[in-house]
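Q: Got a structure for you, written out below as structure tokens; questions coming shortly.
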Amino acid sequence: MRRGAGLVVLAAVVGLVASACGNGVIDKSTDGVPPAEATGTLRVLLPSFPTSTRGREAFDKVVEDFHKAYPKMKVEPDFATYNNLNEKMSTSIAAGIPYDVMVTGVGWIQPFASKRIFADLGDYGVTPELIRDKSTPGLVEPATYDGKIYAYPLIADARAVALRKSAFREAGLDPEKPPTSLAEIKVAAEKLTKRDAEGTITRSGFDLASASGFRQSYITFLASTGTPVYVNGEPNFDNQKGLETLEWVKSMINNVQPYGQENAAKQPLVFTGEAAMGIVGGAVDCSDKGIGQKNCDDLKFFRFNSGKEIEYLGGDLASIGSRSRHKDAAWSFIEAMTKPTTLDAMAKLNKKIPAYKDAVNSPQAQSNPLSKFVAEGLPYAVNENSPPANWLEMRGNFDIQLTQAVLGQKDPAKVLANLAGQSR
């Protein structure tokens, strides 16, 4: 669920938005034109289809479905990644050639909607009730800004916790009764940590999955105490719970896991046995091409619960550009992307869960035990909740400053106070 850097050039181009239209080569509007007669080019920016043969085939199927309604319109895709997505969006605005459809992630909607870059999907009948009824309820809040819906969920990206049964038994712990609270996890992780004669950790007791930063894991741990990181756009972590959670993270690093630990494949350390417990993504390949059935059989999955059972949830969400001259066609394209068969293909390609109502019975959920577990846990979804408009800038600040606190370079209380101030 890594979402790249902050608003790279957005601040510089916001002033250009009002004058952008007309500066680039833009089609005549097709809104209000009968779909069968509409012509022009629909520009689509999305990170949801990998640059592989299977990815292109899945995207071509969406275009084929779209052409059933809009046979004369061309589709111009831009297959971005989350690392360059923001830059592409901002550059297109500056160039005066906005995208018609943009797929972004959790935490992206509020910053761009606040700058009037996304269109209100209420014009197409999208309401919180519709998403709760047809899609993934846990993604309603991330799709909302100022009481309006600006995105429709496509696929859900969930996180769980895993343990190695064999490591638990070896340490005299019961794998069928996993620790779920932060306090319990620390006690178990210390028992599970292995060291050599020099005291170097040879097997981590818990993988915090923080090699690229502590932001996402911190938000997850804090949410398990029943404390959302933001409430109505206001920081909710500069408090006792927030400080206790950060101190807990600090107590784990270089105690049960070396700082920055990751393997060459950048897969969860618990899958390889390099950690006895740890945060994992939303899928595991139990075939011989993956980690193998023997490894899978040694895994048990559970969720954090320090007062509230939670499952961290990200995902891909589709929006219409507010400057689009083909909004009706853009919505038709989003409808084509939300067909169950298309969502199934996207979920498989991205190792995520389709964001439709019966996701627990989807082909992806049934394909492996981890996807099934996280699909069952969608009702426990948490994330940034309702971040401020500057969240894409704040993400990087969180990773940098939380790391400084965890490594003892800065006072944790002062770090949280500083981050809270920057969020306002």
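Throughout, read-outs are computed from the coordinates displayed, never taken from laboratory work. Everything numeric here is computed off the predicted structure, so don't read it as measured data. Cβ coordinates were reconstructed from backbone atoms using ideal geometry, including for glycine residues, and neighbour counts include every protein chain displayed.
Q: Once amide H atoms are placed 1.01 Å from N in the peptide plane, what residues at a sequence separation of 5 or more from ILE155, or on another chain, have their amide H within under 5 Å of its amide H?
A: ASP316, ALA355
Q: Calculate for the chain the 222 nm mean residue ellipticity that helices alone would give, adding -39,500 (n - 2.57) per DSSP H run of length 4 or more and normalising by residue count, nearest 500 deg cm²/dmol.
A: Mean residue ellipticity at 222 nm (helix-derived): -11000 deg cm²/dmol.
Q: I've got another one for you. Quantify how much of the Cα-Cα distance distribution of segment 361-424 extends past 14 Å, in percent. Don't jump to the answer; show the numbers that get you there.
A: On the way: 1362 of 2016 pairs.
Across segment 361-424, Cα pairs with separations above 14 Å total 68 percent.
Q: Looking at the chain, identify the longest residue range that excludes and avoids all GluC sites (Glu not before Pro) in DSSP loops having at most 13 other Cβ atoms within 10 Å.
A: Free of exposed loop sites, the longest segment is 199-424.
Q: Follow-up. Please list log₁₀ I(q)/I(0) at q = 0.15, 0.18, 0.22, 0.24 Å⁻¹ for segment 248-332, using the Debye equation with identical point scatterers on the alpha-carbon positions.
A: The Debye formula, applied to the Cα set alone, gives -0.76, -0.92, -1.21, -1.34.
Q: Exceeding 32 Å between C-alpha atoms, which entries from my cross-link table qualify? They are LYS327/LYS357; LYS327/LYS348; LYS194/LYS294; LYS372/LYS414; LYS308/LYS357; LYS72/LYS134.
A: Table pairs above 32 Å Cα-Cα are LYS372/LYS414.
Q: Using Cα atoms only, what is the angle between the long axis of helix 240-252 and the major principal axis of the chain, expressed in degrees (0 to 90) to the nearest 10?
A: Roughly 60 degrees, rounded to the nearest 10.
Q: I'd like the distance separating the alpha-carbon centroids of segment 126-199 and segment 293-371, in whole Å.
A: Segment 126-199 and segment 293-371 have Cα centres spaced 15 Å from each other.
Q: Sticking with this one: Go through segment 273-285 residue by residue and turn each phi into a ³J(HN,Hα) via Karplus (6.51, -1.76, 1.60, θ = phi - 60°); whole Hz please, and just put x for glycine and proline.
A: Coupling constants for segment 273-285: x, 6, 9, 7, 9, x, 6, 10, x, x, 7, 9, 8 Hz.
Q: Then there is this: Where the Cα atoms of segment 61-162 are projected onto their three principal axes, how long is each span, largest first, in whole Å?
A: Largest first, segment 61-162 extends 41, 35, 32 Å along its Cα principal axes.
Q: Another question about this same structure. First select every other residue whose beta carbon is under 14 angstrom from the beta carbon of PRO388; then total the charges, Lys and Arg +1, Asp and Glu -1.
A: Neighbour charge sum, excluding PRO388 itself: -3.
Q: With +1 on the Cβ of every Lys and Arg and -1 on the Cβ of every Asp and Glu, and nothing else charged, how large is the dipole of the chain about its Cα centre, in debye rounded to the nearest 20?
A: Magnitude of the dipole: close to 320 debye.
Q: Sticking with this one: Percent of Cα-Cα pairs per 20 Å bin, from 0 to the last occupied bin, for the chain, please list those.
A: Result, from short to long distances: 26, 55, 18, 1 percent.
Q: To the nearest 10 degrees, how steeply does helix 10-20 sit against the main Cα axis of the chain, on a 0 to 90 scale?
A: 10 degrees
Q: Answer with one residue from TRP248, PHE333, TYR380: the one whose Cα lies farthest towards the positive end of the charge dipole of the chain, charges on Cβ with Lys, Arg +1 and Asp, Glu -1.
A: TRP248
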